[in-house]
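The values are calculated or read from the model by the stated rules, or taken from the named source; none is laboratory data. Note that the structure is a prediction, hence the values are computed from the model and not measured. Every residue, glycine among them, receives a Cβ derived from its backbone with ideal geometry; neighbour counts consider all protein chains shown. These area figures cover heavy atoms from the full protein model, side chains too; ligands, DNA and RNA do not enter into them. Shrake-Rupley method; radii C 1.70, N 1.55, O 1.52, S 1.80 Å.
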Amino acid sequence: MVLLIPNEQARRIFLERQGLAAAPNRALDKAGLLAMIRAIGFVQVDSIATVERAHHMILFSRNQTYRRNHLTTLLENDGELFEHWTHDASILPSEFFRYWKHRFRRREPHLAERWRKWQGEDYDSAFEETFRHIAENGAIMSRDMKAEDHKSGGWWNWHPNKTALEYYWHIGKLSIAGRRNFQKIYDLTERVLPPHHYDPEVTEEAFLDWACRSALTRLGFATSGEIAAFWDLVTPLEAKLWVETHRDELTDILVAPANGGRPRPSFAFAGFPENLGDIPEPPNRIRVLSPFDPLLRDRDRAERLFNFNYRIEIFVPEPKRIYGYYVFPLVEGERMIGRIDMKADRKAGTLDVKRLWLESGVRASAGRLEKLEAELLRLARFAGVESVRFLEGWRGE
């Protein structure tokens, strides 16, 4: 008999798997931060700092004793974290680097062909020169080697050395040794990562098994397509074949959606959900999520589980936006309760709230608004401003 997982239980499981069920004010040291990132899997990086950059907000929403300097030390000094791609640029535990080597090998031929079409036949004209310069002289930023005859044209018209730096980063020969004003500093990967993370090799079979097994662990339950999409390391077909060849370890389940529709057939490890241990009730406080939070990365999954339709409208022309340029999701307990448009005004020292939208059926009770204001004040202090300022019309009246 196929096990039916009620929607509320499914939400709690996913929130726990993604680090949002633990108390957000528990003490977190550097080792705890590394463990938290390992448990989540990845933390997406983004440069937009409307309130605070995405990676800092993702970590702060899970633990509000998080310290930015711990992340910097793990990335730039200890070599225990590295930056690379999942579905987008992300921070990952360096112990995963051995599996990313397969990504580099798999994608290099396709990357070379795509960049040849994008940048032209001589896209690799500065590759050897750039790599040799770094090997002999150490880490650099792209602006340190800008070609004199290059005419600036944005990311689609990189100068040859910038192209070389990004290409070598994408295939793993270079790594990001640090950032200065969020600009990447590139160095040889073997100088960025310690040998115990850089040297190990794994077989193709071990890589495929890890990619699927580790994804399902962090999702709690998933379809084969969701397994493939989690890291974006394997194809949907490879994930499907992994499920078929590991049926003795897996169980079929049905996950009830939030909108009362048809349950979704999924897979979980045998013994589910007891094999996950105690799944605590998520904290009842309101928390602000980054638009790039891993809980919402798979928009279709988020909509099925939370009945929450969320899209980033950065690239949507302003007249066509439903909400706003950079709107933050709100979670309360195991419910997605709304979204909020706000921006840190660092000159004024305020977190300016422009507009609040609550989901259908969520009341703007006095208690809920008090919880929201308390959370916004915590976030304001984290973002380096002193107070919260509610602008005229923020409630939408």
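The residues in region 304-334 that are surrounded by 17 or more Cβ atoms within 10 Å (Cβ to Cβ), in contact (Cβ under 8 Å) with a residue 40 or more places away in the chain and not hydroxyl-bearing (S, T, Y) can be counted, and the count is 12. Picking from residues in region 254-264 that are under 28 Å from V43 (Cβ atoms) and not charged (D, E, K, R), the one that is most open to solvent (accessible area, probe 1.4 Å) is A258.
When L356, L351, L372, L377 are checked against the criterion of being open to solvent by less than 50 Å² (accessible area, probe 1.4 Å) and either at pLDDT below 95 or assigned to a helix (DSSP H, G or I) (or both), a single residue qualifies: L372.
Here A222 passes the criteria (1) surrounded by 14 or more Cβ atoms within 10 Å (Cβ to Cβ); (2) under 16 Å from I13 (Cα atoms); (3) more than 20 Å from the chain's Cα centre (by Cα) except the one numbered (3).
Residues that are out of contact with any Phe, Trp or Tyr (no Cβ under 7 Å at 6 or more places or on another chain) and assigned to a loop (DSSP other than H, G, I, E, B) within region 52-61 comprise just one, R53. Among residues of region 111-146 being open to solvent by less than 20 Å² (accessible area, probe 1.4 Å) and small (G, A, S), the one that is nearest to Q183 (Cα to Cα) is G138. Tell me, please, whether a residue that is open to solvent by less than 60 Å² (accessible area, probe 1.4 Å), in contact with a strand residue (DSSP E or B) (Cβ under 8 Å, 6 or more places away or on another chain) and modelled with pLDDT under 95 can be found in region 25-37. Taking every residue of region 25-37 in turn, none turns out to be open to solvent by less than 60 Å² (accessible area, probe 1.4 Å), in contact with a strand residue (DSSP E or B) (Cβ under 8 Å, 6 or more places away or on another chain) and modelled with pLDDT under 95. The set of residues in region 190-219 that are over 18 Å from R106 (Cα atoms), in a helix (DSSP H, G or I) and open to solvent by less than 20 Å² (accessible area, probe 1.4 Å) comprises H197, S214, A215, L216, L219.
Looking for something touching a helix residue (DSSP H, G or I) at 6+ places or on another chain (Cβ under 9 Å) and assigned to a helix (DSSP H, G or I) - is there at least one such residue anywhere in region 170-180? Checked against the condition, which is being touching a helix residue (DSSP H, G or I) at 6+ places or on another chain (Cβ under 9 Å) and assigned to a helix (DSSP H, G or I), region 170-180 yields at least one hit.
Residue count for region 38-51, restricted to those that are within 25 Å of R301 (Cα to Cα), part of a loop (DSSP other than H, G, I, E, B) and either basic (K, R) or at pLDDT 95 or above (or both): 3. Here region 72-107 is the region considered, the condition is being more than 21 Å from the chain's Cα centre (by Cα) and within 25 Å of G225 (Cβ to Cβ), and the residue that is most open to solvent (accessible area, probe 1.4 Å) is R105. Taken over region 24-37, the criterion of being over 12 Å from the mean Cα position of the chain (by Cα) and either free of Cβ contacts under 8 Å to residues at least 12 places away in the same chain or assigned to a helix (DSSP H, G or I) (or both) is satisfied by K30, A31, G32, L33, L34, A35, M36.
A quick yes/no check of all residues on (1) modelled with pLDDT under 95; (2) under 24 Å from the mean Cα position of the chain (by Cα); (3) closer than 30 Å to N137 by Cα:
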{"residue": "D199", "(1), (2), (3)": "no, no, yes"}
{"residue": "R218", "(1), (2), (3)": "no, yes, no"}
{"residue": "I227", "(1), (2), (3)": "no, yes, no"}
{"residue": "F230", "(1), (2), (3)": "no, yes, no"}
{"residue": "T235", "(1), (2), (3)": "no, yes, no"}
{"residue": "E244", "(1), (2), (3)": "no, no, no"}
{"residue": "I253", "(1), (2), (3)": "no, no, no"}
{"residue": "P257", "(1), (2), (3)": "no, yes, no"}
{"residue": "P282", "(1), (2), (3)": "no, yes, no"}
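Of the residues making up region 61-70, not a single one is free of Cβ contacts under 8 Å to residues at least 40 places away in the same chain and within 27 Å of L208 (Cα to Cα).
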